[in-house]
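Just dropping this structure here.
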Amino acid sequence: MAEQRLGMVIDMKGCIACSSCAMACKIENNLPDENWWNRVLTVGGENRDTPSGTYPNLSMESMTLACQHCENPACTRVCPVGATVKREEDGVVLQDYDKCIGCRMCIAACPYTGVRSFNWEEPKYCLPFATGDADVPSHQKHVVEKCTFCNHRLAKGEAPACIEPCPARVRFFGDLNDPSSEVSKLISSRKYQQLLVERGTNPSIYYLV
Amino acid sequence: MTEKIKPANAQSTQDSQSEQDVQGVQSSQSTQSTQDSKKQASLVAIIVTAVIAIAGIALWIFQLTDGMVNTNMRNLDSWGLYIIMFMLFVGLSAGGLIISSVPRVFGIRGFGAIGKVATWVSICCTVLAVAFVVVDLGGPLRLWELVAYANISSPLMWDIIVLTLYLIISIVYLWATIRTDNGTGSPKVLRILSVFALIAAVLVHTVTAWIFGLQIAHEFWYTALLGPWFVSSALVSGLALVLVVAAILRKSGRLELENKDYSRMVMLLGVFTAVDLYFFGCDLLTSGFPGGTGADIVALLTTGVLAPYFWFEVVSGAITMIIAFSPSLRRPSLIVLASVISIVAILCKRIQLLIGGFQIANIQHATVSSGPALSESGQAFANVAPALVYFPSALEFGIVIGVLSLGAFLLLLGLRMLPLLPANLQN
Ligand code: SF4
Ligand code: SF4
């Protein structure tokens, strides 16, 4: 068993769909234009920020979606060159741009629609300068990328960049293997949901419902 | 020996039999000149296909430098025409090797002189299958990593290994057949080789199926049936291709093939088609019966956006079986028709499988997409009607034509340079 299993707990009841986490991720990792590792999804409605149901019985709920850093990832197993691997010490699923041959096998293998993205062209940036942490590996054309749990911040003992900026304070990060961690306590005291559990990937993102 | 040339000009020069007998000398002269012009035509064809193939390579270089954004593949439909063609050509490669190796393995009567040509067709198809994977890669210059960092848990890695072995075995097998026919090789060695060739052929289709069939992410793909089903589809398309090639060579008088052998092959095609459709039926029932998301897949195929491809496959399968199993319909023209629609039907099946796998997303909540999620064609229709998530771009068609020309080039070159046809009919 891994020493640590880093994971996130996100309280769907409190999420106000402000996209602060998505923006923080984008800036921290200097993501190319149109590339979002972490996104806000509107559950139910046909378009973003629209309710589901018919008036007056409307309801609206939001959730954020990024790589689930599965305990049993579907993506790492299929990569022919090992460009995406799960780090055994902490369970983080990483992506090596220098190794990736761009076969997109991992995109086909991941059950969580859209969390992996391929750079279909030379990355473009709307700003004339790079943003975020200088330790973030630079983006490349024709490779697959995704959320890294801000691996460069983990190395400094910090939580991913999307945790702190949440104005509703519904994002939590920590070691799911440690029963005294905040995340473990939350999932032991609240009702939660993991996405697509039936696929057997055992995602490390827990949504409080 | 000159008598043996008869079938050649009987068909192609339309010289009547009696004329030929009376004016024996002149006729053999005209044979000489038709053969020369044929030789020239094949040279022209080789050059033309080479030029188109080179143009295809230029397009591929453009795709690599300007970016794969020029294809219509996007994050939510991350594979497209190239992988469809890859599946198709792995399948097409089956026919030749099976036709020539099965009779030898089991010691039954062969299918006549078609064996070596069929094996060469197999080899060309395998090369094309590899080429289609390569043009799909984002970083083909990193291909060496497959050796350096091989991750053997990846079905793609398995397929690369098996495809390579398959290619080597096919080439060795062809070489051994040629030698044995010349009387220099040992029939025993050839028989042992044919066993390996047959095993490799079955493996290569199964492993190709596993690239899709082991993906828990796509309900449409994740089924144990996919392996055997790929084998049956491969047999259908592969045998159909051999039949088409045989028909062309027969017509041009370069191959003598008894009608009986030809009929036996088309009957086999009927059997393979029946098995393939039977598997399809089993799979649809298993998906649809419990209702739920599996039923969505059945609806997608039978009444949804993939319905034209699905029904073409079913109807063409029915026509093929009718032609194959009615002795009065087993005429050369109808056999060619059955073969051609069989190949198109298997292409339709590959399209259904690939696009169908991406068509229904697991998580469908509205969101901004990370990178362009759908190709323009998908995007344009996404809001209006649930249309296809993917349709190839002009560049993809261009590159596919280039790769196909490479195949035609190899095929023609082989026919010209290798002793594939019976010596007396070789020009
Ligand atoms: S969510 Fe997808 S990409 Fe992330 S670890 Fe799981 S299978 Fe891999
Ligand atoms: S696209 Fe890159 S990371 Fe994904 S499977 Fe292929 S080589 Fe591995």
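Among the residues of segment A:76-92 satisfying the criterion of being under 17 Å from the mean Cα position of the chain (by Cα) and not in a loop (DSSP other than H, G, I, E, B), which is farthest from residue B:142 (Cα to Cα)?
Filtering segment A:76-92 for residues that are under 17 Å from the mean Cα position of the chain (by Cα) and not in a loop (DSSP other than H, G, I, E, B), the one farthest from residue B:142 (Cα to Cα) comes out as A:86.
Starting from segment A:43-55, take each residue that is of a type outside the set (Gly, Ala, Ser) and list its partners that are in a loop (DSSP other than H, G, I, E, B) and at pLDDT 80 or above, counting only C-beta distances under 7 angstrom and pairs at least six apart or across chains.
A:49/A:17; A:51/A:58; A:51/A:60
Need the failing condition index for residue B:193 against (1) free of Cβ contacts under 8 Å to residues at least 40 places away in the same chain; (2) buried (at least 19 other Cβ atoms within 10 Å of the Cβ); (3) within 9 Å of chain A (Cβ to nearest Cβ), just the number.
That leaves (3) as the condition not met.
Of the numbered conditions (1) more than 14 Å from chain B (Cβ to nearest Cβ); (2) on the phi < 0 side of the Ramachandran plot; (3) in contact (Cβ under 8 Å) with a residue 24 or more places away in the chain, residue A:139 fails exactly one; give the number of that condition.
Here residue A:139 meets the rest and fails (1).
Restricting to segment A:77-108, name every residue that is farther than 24 Å from residue A:160 by Cα and within 13 Å of ligand 1 (Cβ to nearest atom).
Selection gives A:77, A:78, A:79, A:104, A:105, A:108.
Okay, residues lined up against (1) touching a His at 6+ places or on another chain (Cβ under 6 Å); (2) of a type outside the set (A, V, I, L, M, F, W, C); (3) within 14 Å of ligand 1 (Cβ to nearest atom):
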position: A:110; (1), (2), (3): no, no, yes
position: A:116; (1), (2), (3): no, yes, yes
position: A:123; (1), (2), (3): yes, yes, no
position: A:144; (1), (2), (3): no, no, yes
position: A:148; (1), (2), (3): no, yes, yes
position: A:162; (1), (2), (3): no, no, no
position: A:169; (1), (2), (3): no, yes, no
position: A:185; (1), (2), (3): no, yes, no
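Confirm whether residue B:153 is facing chain A (nearest Cβ under 9 Å) and either touching a Ser or Thr at 6+ places or on another chain (Cβ under 7 Å) or within 16 Å of ligand 2 (Cβ to nearest atom) (or both).
In short, yes.
With respect to residue B:106, is the statement that it is more than 14 Å from every other protein chain (Cβ to nearest Cβ) and among the aromatic types (Phe, Trp, Tyr) true?
yes
Something else about it: Would you please list the contacts, defined by Cβ atoms under 7 Å and residues six or more apart or on different chains, that run from a residue in segment B:289-306 that is part of a helix (DSSP H, G or I) to a residue that is surrounded by fewer than 18 Cβ atoms within 10 Å (Cβ to Cβ)?
Every condition considered, the pairs that remain are B:294/B:288; B:295/B:288; B:298/B:284; B:298/B:288; B:301/B:307.
From A:84, A:42, A:50, grab the single residue that is crowded, with 22+ Cβ neighbours inside 10 Å and at the interface with chain B (Cβ under 10 Å from one of its Cβ atoms).
When all the criteria are applied, what remains is A:84.
Tell me, which residue of segment B:307-326 that is in contact (Cβ under 8 Å) with a residue 24 or more places away in the chain and closer than 18 Å to residue B:262 by Cα is surrounded by the fewest Cβ atoms within 10 Å (Cβ to Cβ)?
B:325
So, residue A:46, is that one closer than 22 Å to residue A:208 by Cα and either away from ligand 1 (no atom under 12 Å from the Cβ) or assigned to a loop (DSSP other than H, G, I, E, B) (or both) or not?
Spelling it out, it is not the case that residue A:46 is closer than 22 Å to residue A:208 by Cα and either away from ligand 1 (no atom under 12 Å from the Cβ) or assigned to a loop (DSSP other than H, G, I, E, B) (or both).
Which of the residues spanning segment B:208-263 are in contact (Cβ under 8 Å) with a residue 24 or more places away in the chain, of a type in the set (Gly, Ala, Ser) and within 30 Å of residue B:76 (Cα to Cα)?
B:217, B:232, B:233, B:234, B:237
From the residues in segment A:53-70 that are assigned to a loop (DSSP other than H, G, I, E, B) and either facing chain B (nearest Cβ under 7 Å) or polar (S, T, N, Q) (or both), which one is nearest to residue A:201 (Cα to Cα)?
A:68
Quick one: which helices (runs of 4 or more DSSP H) lie wholly within segment A:93-209 and hold at least 3 residues that are surrounded by fewer than 23 Cβ atoms within 10 Å (Cβ to Cβ) and more than 16 Å from ligand 2 (Cβ to nearest atom)?
It comes to A:151-154, A:182-189.
Any residue at all in segment B:346-361 that is part of a helix (DSSP H, G or I), under 15 Å from residue B:218 (Cβ atoms) and in contact with a strand residue (DSSP E or B) (Cβ under 6 Å, 6 or more places away or on another chain)?
Yes, some residue in segment B:346-361 is part of a helix (DSSP H, G or I), under 15 Å from residue B:218 (Cβ atoms) and in contact with a strand residue (DSSP E or B) (Cβ under 6 Å, 6 or more places away or on another chain).
Restricting the search to segment B:134-147, which residues are facing chain A (nearest Cβ under 8 Å) and in a helix (DSSP H, G or I)?
Once the filter is applied, which keeps residues that are facing chain A (nearest Cβ under 8 Å) and in a helix (DSSP H, G or I), segment B:134-147 yields B:136, B:140, B:142, B:145, B:146.
The values are calculated or read from the model by the stated rules, or taken from the named source; none is laboratory data. Source: prediction; values computed, not measured. Methodologically, a virtual Cβ is constructed for each residue, glycine included, from the backbone with ideal geometry; neighbour enumeration extends over all protein chains shown.
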